[in-house]
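The values are calculated or read from the model by the stated rules, or taken from the named source; none is laboratory data. All values derive from a computational prediction rather than experimental measurement. No Cβ is skipped: glycine too gets one built from the backbone with ideal geometry, and neighbour counts run over all protein chains shown.
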Amino acid sequence: MEEKQYLVDALSVNESWRMFRIMAEFVEAIEELSDIGRAVTVFGSARTSPGNKYYQKAERLSRLLAQQGFAVITGGGPGIMEAANKGAAEAGGTSVGMNIRLPFEQTPNEFANVKLYHKYFFVRKVMFVKFAMAYVIMPGGFGTLDELFEALTLIQTKRIKSFPVILMGSEYWQGLLDWLKGTMLAQGMITREDMDLIRVMDEPEEVVDYIRKFVIV
């Protein structure tokens, strides 16, 4: 009985100390990013190769953003994240990689000139939202969709100020948009105003122009 109580107490202590680790991760990220200025977060698949057209568009997009004075934030890994960090860094801009420690796929790319390392997904996700004034969602998988719908939910529920949420690559996202309209909207699960939170674009230039207009307004 005493041994069981000892184990319970030990687990309680470990959970308490975990709170301090979480707080430290928040503090470190906020201190590192507090001076980056206007920033755009770019999401997309870690599995996209340099020969893929979306890799090339992500690289060009971020180069254009950097030339307009925007910092570019990504998850810091390969694929689309690497392309975005590369474009921003090579244009002389601030290129932020917010890495997450995973058992596979998440190897930090070499192009981020500001690097953070996260243990907790939720801390990382808060930082994506806190320091971005726009989201650009390139083709990706579950993680990309997670970031997309979290941002839409926060804007829809007015937990954060509305900002541009841009799906880049109409051919990739069309099936999802058809389902949102044909099922969720048709059955009253979302409203037309909710659908208006999403913009769909294909070319880096139009994305940058839209973001710049939003900032000016």
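Screening region 90-134 for residues that are out of contact with any helix residue (DSSP H, G or I) (no Cβ under 8 Å at 6 or more places or on another chain) and among the hydrophobic types (A, V, I, L, M, F, W, C) and picking the one that is surrounded by the most Cβ atoms within 10 Å (Cβ to Cβ) gives A132. In region 163-204, the qualifying residues are those that are under 27 Å from A83 (Cβ atoms) and of a type in the set (S, T, Y), and the one that is surrounded by the most Cβ atoms within 10 Å (Cβ to Cβ) is Y172.
Would you point out which residue out of N113, N99 is polar (S, T, N, Q) and out of contact with any Phe, Trp or Tyr (no Cβ under 7 Å at 6 or more places or on another chain)?
N113
Screening V126 on (1) closer than 24 Å to D35 by Cα; (2) assigned to a strand (DSSP E or B) shows it passes everything except condition (2). Considering only region 97-123, state which residues are farther than 28 Å from E206 by Cα, in a loop (DSSP other than H, G, I, E, B) and either aliphatic (A, V, I, L, M) or in contact (Cβ under 8 Å) with a residue 24 or more places away in the chain (or both). Answer for region 97-123, where residues must be farther than 28 Å from E206 by Cα, in a loop (DSSP other than H, G, I, E, B) and either aliphatic (A, V, I, L, M) or in contact (Cβ under 8 Å) with a residue 24 or more places away in the chain (or both): L102, E105, Q106, T107, P108, K119, Y120.
All but one of (1) more than 15 Å from G140 (Cβ to Cβ); (2) of a type outside the set (A, V, I, L, M); (3) modelled with pLDDT under 95 hold for G77; which doesn't? For G77, the exception is condition (1).
Within region 192-208, residues that are closer than 15 Å to Q56 by Cα have Cβ atoms under 7 Å from residues that are assigned to a helix (DSSP H, G or I) and of a type in the set (G, A, S) in these pairs: D202/S170, counting only partners at least 6 apart in sequence or on another chain.
Would you check which residues across region 75-131 are aromatic (F, W, Y) and closer than 22 Å to F26 by Cα and list them?
Listed by number, the residues that qualify are Y117, Y120, F121, F122, F128, F131.
The set of residues in region 97-141 that are among the aromatic types (F, W, Y) and either over 20 Å from A66 (Cα atoms) or touching a Gly at 6+ places or on another chain (Cβ under 9 Å) (or both) comprises F104, F111, Y117, Y120, F121, F122, F128.
Quick check on this structure: which one of L176, L180, L154 is free of Cβ contacts under 8 Å to residues at least 60 places away in the same chain, closer than 25 Å to E59 by Cβ and hydrophobic (A, V, I, L, M, F, W, C)?
Details: L180 fails: closer than 25 Å to E59 by Cβ; L154 fails: closer than 25 Å to E59 by Cβ.
Just a single option satisfies the conditions, and that option is L176.
Among the conditions (1) part of a loop (DSSP other than H, G, I, E, B); (2) surrounded by 20 or more Cβ atoms within 10 Å (Cβ to Cβ); (3) not basic (K, R), P50 misses just one, which is (2). Among the conditions (1) without any contact (Cβ under 8 Å) to a residue 40 or more places away in the chain; (2) crowded, with 24+ Cβ neighbours inside 10 Å; (3) more than 14 Å from V207 (Cβ to Cβ), the only one that G76 does not satisfy is (1).
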